[in-house]
1. So for the chain, averaging the separation of alpha carbon pairs under 8 Å that are six or more residues apart and normalising by length, what relative contact order in percent results?
2. Dividing the alpha-carbon Rg of the stretch 14-163 by 2.2 N^0.38 Å yields what?
3. List the residues, sorted by chain then number, that are 5 or more residues from LEU107 or on another chain and whose placed amide H is less than 5 Å from its amide H.
4. Quantify, in whole percent, the carbon and sulfur part of the accessible surface of the chain (1.4 Å probe; protein heavy atoms only).
5. Just to be sure I follow the rule: in the chain, considering lysines 8 or more places apart or on different chains, how many pairs have Cα atoms under 29 Å apart?
6. For the pair ASP123 and TYR54, what calculated FRET efficiency results from E = 1/(1 + (r/R0)^6), where r is the Cβ-Cβ distance and R0 = 25 Å, to the nearest 0.05?
7. What accessible area per residue, rounded to a whole number of Å², is obtained for the chain using a probe radius of 1.4 Å?
8. May I ask you to evaluate 6.51 cos²θ - 1.76 cosθ + 1.60, the Karplus curve with θ = phi - 60°, for each residue of the stretch 122-133 and list the ³J(HN,Hα) values in order in whole Hz, giving x for glycine and proline?
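The values are calculated or read from the model by the stated rules, or taken from the named source; none is laboratory data. Here the structure is a predicted model, which is why all the values come from computation and not from measurement. As a convention, Cβ positions derive from the backbone with ideal geometry for all residues, glycine included, and neighbour counts pool all protein chains shown. Accessible surface areas use protein heavy atoms only, side chains included; no ligands, DNA or RNA. Shrake-Rupley method; radii C 1.70, N 1.55, O 1.52, S 1.80 Å.
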Amino acid sequence: MNVCVLTLFPDLFEPFWGHGIIRRAVEGQKLCPSTINIRDYAEGRHRVTDDRPYGGGCGMVMKPEPLTAALKAAQSQMPAAATLMLSPQGKRFDQPLAHSLALADALILICGRYEGVDERFVDQHVDAEISIGDFVLTGGELGAMVVIDAVVRLIPGVLGNRESAGNDTFSAGLVEHAHFTRPQTFGDEPVPDVLLSGNHHEIDRWRRQTALMRTVLKRPDLLAQRNFSPEERALLVKWRREIDQLLG
Ligand code: 9D3
């Protein structure tokens, strides 16, 4: 996948491309990343990329011409790419959106800074705006990295079999079961016996049950839209009876 990021801070992306699974994807030619410095496409001796908002108010607005020129440069390399902008006004990024972006052959990600981007650039050139959540960042760069990180690991061949993406929390719709490794006892806490039993049927059953319990406790919102299996339904009924018993 070709991914081109338009940003005023291309240096932020160098360590990102250079580590972990993203680096492996680059080395394995599953990801071909690039950055374009928007400032390189600004005119004049000072290469100004922002200006004061029409109508007044505080903060600055990104000028449309440097963004448009930078986008043309990206599109000359990847003419079929979808043009996405990271923005607090965008559609909330989630795992289904990550899966659909992972099908693309090329993506252009535009990172805003300052108070915002001239709306005419958005109207004329942006296919979709994406937000990574309801909190305020200082710019789109961390959002772009979040999107790229989530998308690249879904490209076939990027994850090894040992780390495969099929069984993810949000693909399964439940929080994962707890994980344990050595030592067998840590600060008085032993690893649950069943995990040492070697009984893989029992281990799978324990993992399914505790995943459901942990979802009830930690992320009940995930269960609102779930179609419970008969096993899950039976467990929830059993737990309800136990809670009713406690409450008299
Ligand atoms: C004070 C006015 N701000 C509205 C809350 C304007 C504003 C805040 C933050 C304008 C730009 C930004 C920079 N944020 C992003 O570029 C951004 C972002 C975010 O702030 N939260 C979640 N996802 C994203 S994606 C890009």
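1. Values: 324 pairs, mean separation 44.4, N = 248.
About 18 percent, as a whole number.
2. On the way: Rg = 16.2 Å, N = 150, 2.2 N^0.38 = 14.8 Å.
That works out to 1.10 for the stretch 14-163.
3. Correct list: ASN2, VAL3, CYS4.
4. Numbers: 8150 of 15660 Å².
Of the solvent-accessible surface of the chain, carbon and sulfur hold 52 percent.
5. Details: LYS30/LYS72; LYS30/LYS91; LYS63/LYS72; LYS63/LYS91; LYS72/LYS91; LYS91/LYS218; LYS218/LYS238.
Going through the chain pair by pair, I get 7.
6. Numbers: r = 15 Å, r/R0 = 0.61.
Approximately 0.95, to the nearest 0.05.
7. Details: 15660 Å² over 248 residues.
Normalised by residue count, the accessible surface of the chain is 63 Å².
8. After applying 6.51 cos²θ - 1.76 cosθ + 1.60, I find 4, 4, 7, 10, 9, 6, 7, 9, 10, 10, 9, x Hz.
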